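The structure appears below as structure tokens.
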Amino acid sequence: MKARITAHKSFVIGDIDRRLYGSFIEHIGRAVYGGIYEPSHETADDQGFRADVLELVKKLNVPIVRYPGGNFVSGYNWEDGTGDKARRPRRMDLAWMATETNEVGIDEFQEWARRANTEVMMAVNLGTRGADDARNCVEYCNATSDTYYANMRRANGFEKPFGIKVWCLGNEMDGPWQICQKTAEEYGRLAAEAAKVMKWADPDIELVACGSAHRNMKTFGQWELTVLDHTYEHVDYLSLHQYYDNRDDDTPKFLGRAEEMDEFIKSTAALCDAIKAKKKSQKTLSLSFDEWNVWYHSQEQDKSLEKWTVAPPRNEDIYNFEDALLVGTMLMTLQNNCDRVKMACLAQLVNVLAPIMTENGGKVWAQTIFYPFMYGSAFGSGTTLRAIVESEKYVSSAKREIPYLATSVIYNKEAREIVVYAVNRSLDEAMELDVALEGFEGCRLIEHIELYADDLKAINDKDTARVTPCHVDLRDDGQIILKKHSWNMLRYKIGE
Ligand code: AHR
């Protein structure tokens, strides 16, 4: 099979905000306890953070990490995770039916983030709580004033404010599973008022309003319109969340899911623009795709988890090779929508729906999905070009026309490089790829990285890394071959 990508220097989609490569740590399962934090682990540092985990997180190069939820945040009292650890309450976490010890809270997490070279994207509780606690939390984290919550932070040993820039106004408030679900009217009003007082406490913060929990919510569309009618002038981003599964073991359909993600982004942007038009606003709202991934492998086994335990092994999806292909393709979709999607969070980071897995007291390892994300984050900086793709298509069982070739093309002006990410979705044919980079002088292919496994269901575990990237030898005739069902990164150097 043959395919062709044509990109021109002048035809651009937009500049990539580095925060497109964000991730997420929720108080759920073993994400925090046994994940980033395990004081008894042999690699634990002076604060109890696992250094082996930190090392892998740094390799992923995530610029921002959403915290502390997720569904968890809708029942969370942020003060529980501050100050003297000995006095912190153990609480029922009604989101995940577990016991939260509060050993880790914002005091510790902001320090972990510093050590991981990342920033915190903080979510506030708009489930059981409201505007009052939200503005207090902003004051605690960011204020320099001589006032109650800023002084509480100082008394807890933090003279310098944490300087948290991005704040989520609750989480998936339309979901019936959410602690204190809201109607769009209720949430819209609450989010608008919370946003106002949070920005009065710190005018430099950026705020994310909740979009629908996912695209298949019955109220998708109407939720966005109503919420934005109330919040449009007070917020900076609208959130999107989406997870895909291959429960019916239909790989061609599964690999085509990123096309649906693309439609989801474009229709959400259209909903934002409808409100912009209605309000005659000058402002164009950006999108924060702050939960995305594959999620299904663990759902059956999670049904038997015992209630009210501390850090049970919940949502521990073991990702296979085809999941890595979809995650790589979803990341390309985010890159190809970088004009609207300014932030995104792979959900999540450690143990829970995660690229990084640990065993308690033991090893850490990279799951299959680690690699396309790592290469996306490491080399996907700059400007996404509007690539023209010529590729054969197939029709999936979801009655969608899916091009065999999925791609994104990114021009990094500073590095004088162009990076082409490419997935060949064909399950049985290799692809001969022709890449035409126009408007650039003397582009030379310098590296071809490939992620491939013969077995689509191959996984990595603590002892064996079966799915790892490799360097492909560059051919003298310049021909590029993308193996059947493979993820690839092609790096070009632009001539002087
Ligand atoms: O990431 C796991 C959960 O998925 C989050 O808590 C919630 O926001 C979403 O439904």
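What whole-number value in cubic angstrom gives the convex hull volume per residue for the C-alpha atoms of segment 25-71?
74
How would L190, L169 line up from fewest to most surrounding beta-carbon atoms within 10 angstrom?
Ordered from fewest to most neighbouring Cβ atoms within 10 Å, L190, L169 come out as L190, L169.
Restricting the count to DSSP beta bridges whose residues both fall in segment 232-369, what percent are antiparallel, rounded to a multiple of 5?
Here the antiparallel bridges make up roughly 20 percent for segment 232-369.
Please list the radius of gyration and Dmax for segment 372-424, considering alpha-carbon atoms only, with Å as the unit.
13.6, 43
All other residues with a Cβ under 12 Å from the Cβ of S281 taken together, and with Lys, Arg as +1 and Asp, Glu as -1, what is their net charge?
Within the 12 Å Cβ shell, the charges total +2.
Once you have the Kirkwood Rh of segment 55-162 from its Cα pairs, apply Stokes-Einstein at 4 °C and 1.567 mPa s and quote D in µm²/s.
Here the translational diffusion coefficient equals 89 µm²/s.
Could you pull the Rg and Dmax for segment 259-413, using just the Cα atoms, both in Å?
When restricted to Cα atoms, segment 259-413 yields Rg and Dmax of 18.5, 57 Å.
May I have the extent of the alpha carbons of segment 186-242 along their three principal axes, as whole Å values ordered from largest to smallest?
36, 20, 14
Lysines near K462 by alpha-carbon distance under 21 Å, same-chain residues fewer than 8 away left out - which ones?
Within the straight-line cut-off, K462 pairs with K58, K59, K363.
Can you give the net charge of the other residues whose Cβ lies under 13 Å from the Cβ of E316, counting K and R as +1 and D and E as -1?
-2
Write down Rg/Rh for segment 10-117, rounded to two decimals, with Rg from the C-alpha atoms and Rh from the Kirkwood relation over Cα pairs.
1.04
Please give the length that would be gained between A51 and E429 if that part of the chain were fully extended, namely 0.36 nm times their separation in residues minus their C-alpha to C-alpha distance (nm, one decimal).
131.9 nm
In nm, to one decimal, how far is the H471 label point from the K58 one, both placed 7 Å along Cα→Cβ?
Placing both labels 7 Å beyond Cα along the Cβ direction yields 2.3 nm.
Please report the projected area of segment 250-346's Cα convex hull averaged over all directions, in nm².
Computing the convex hull of the Cα atoms and averaging its projections yields 8.7 nm².
What order do you get for S288, S391, S10, S212 when you list them from fewest to most C-beta neighbours inside 10 Å?
Least to most surrounded, the residues fall as S10, S391, S212, S288.
What does DSSP give for segment 339-496 in terms of the percent of beta bridges that are antiparallel, rounded to the nearest 5?
Counting only bridges with both partners in segment 339-496, antiparallel ones make up about 95 percent.
So if each residue of separation counts as 0.36 nm, and I subtract the Cα-Cα distance between D229 and K493, what length gain in nm does that give?
Stretched out fully, the D229 to K493 stretch lengthens by 90.4 nm.
Restricting attention to the alpha-carbon atoms of the chain, what are Rg (one decimal) and Dmax (integer), both in Å?
Cα radius of gyration and Dmax of the chain are 22.4, 69 Å respectively.
Pull out the extension gain between I481 and K457, defined as 0.36 nm times the separation in residues minus the alpha carbon to alpha carbon distance; nm, one decimal.
Gain on stretching I481 to K457: 6.4 nm.
Could you check what % of the DSSP bridge pairs in the chain are antiparallel, to the nearest 5?
55
Helix 321-336 sits at what angle to the longest principal axis of the chain, using alpha carbons and giving 0 to 90 degrees rounded to 10?
Helix 321-336 sits at roughly 80 degrees to that axis.
Helix-derived [θ] at 222 nm for the chain: sum -39500 (n - 2.57) over DSSP H runs of at least 4, divide by residue count, nearest 500?
Value at 222 nm, helices only, nearest 500: -8000 deg cm²/dmol.
Quick check on segment 307-360: what does the Kirkwood estimate of hydrodynamic radius come out to from the alpha carbon pairs, in Å?
Answer for segment 307-360: a Kirkwood hydrodynamic radius of 13.1 Å.
Taking 8 Å as the Cα distance limit and 6 or more residues as the minimum spacing, I'd like the relative contact order of the chain as a percentage.
20 percent.
For a footprinting-style exposure proxy, rank F109, F158 by other Cβ within 10 Å, fewest first.
Ranking F109, F158 by Cβ neighbours within 10 Å, fewest first, gives F158, F109.
Between rounded, prolate and oblate, where does segment 358-496 land on the alpha carbon gyration tensor, with a ≥ b ≥ c its root eigenvalues, rounded for a/c under 1.5, else prolate if a/b exceeds b/c?
Because a/c hits 1.5 or more and a/b fails to exceed b/c, segment 358-496 counts as oblate.
What FRET efficiency do you get for W177 and R154 if R0 is 45 Å and r is their Cβ-Cβ distance, rounded to the nearest 0.05?
0.75
Between the DSSP loop rule and a limit of at most 13 other Cβ atoms within 10 Å, which trypsin sites (Lys or Arg not before Pro) in segment 174-219 are left?
Those that pass, being in a loop and sparsely packed, are K218.
Taken together, the values in this text are just the output of simple stated rules run on the coordinates, not laboratory data. Since we're looking at a predicted model, the values are computed, not measured. Don't worry about glycine lacking a Cβ; one is built from the backbone with ideal geometry, like all the others, and counts go over all protein chains shown.
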